[in-house]
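Notes follow once the structure below has been shown.
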Amino acid sequence: MRTFLIALMMTLAAQVGAICIEPTVYLSTPVKPSVPWCVNEWDNTHTCDEWEIQSYYSELDAYRDEAQYFINSLNLYVDEAVDYAQCRANELE
């Protein structure tokens, strides 16, 4: 009986004292790196040194990582926004 009362009190306290926290996101959109000047995109050729090409590929890899982090953060924001909306709706009941 005591366990039941404790569980009931915790449930009621959680419902009464629920605080809805608005989600926030402070991110800037990642910027895709520029194609090196030594690449001719029209003819699909280049006059770049190997280090220039490798540097560009490294920048692209970093961009992909940043873009994936950005997408994951936005998805988390959406999840938090849904939770917030549900919390506010529960306040109206």
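If I ask for residues that are surrounded by fewer than 14 Cβ atoms within 10 Å (Cβ to Cβ) and among the aromatic types (Phe, Trp, Tyr), which ones from region 49-76 would you list?
Within region 49-76, 51, 57, 69 meet the criteria.
To keep it simple, each residue is scored yes or no on (1) part of a loop (DSSP other than H, G, I, E, B); (2) at pLDDT 85 or above; (3) surrounded by 10 or more Cβ atoms within 10 Å (Cβ to Cβ).
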site: 5; (1), (2), (3): no, no, no
site: 10; (1), (2), (3): no, no, yes
site: 14; (1), (2), (3): no, no, no
site: 19; (1), (2), (3): yes, yes, no
site: 24; (1), (2), (3): yes, yes, no
site: 30; (1), (2), (3): yes, yes, yes
site: 33; (1), (2), (3): yes, yes, yes
site: 36; (1), (2), (3): yes, yes, yes
site: 42; (1), (2), (3): yes, yes, no
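Within region 77-88, can one find any residue that is free of Cβ contacts under 8 Å to residues at least 60 places away in the same chain, outside any helix (DSSP H, G or I) and of a type outside the set (Val, Ile, Thr)?
no
The values are calculated or read from the model by the stated rules, or taken from the named source; none is laboratory data. All values derive from a computational prediction rather than experimental measurement. Neighbour counts run over all protein chains shown; Cβ positions are idealised from the backbone, glycine included.
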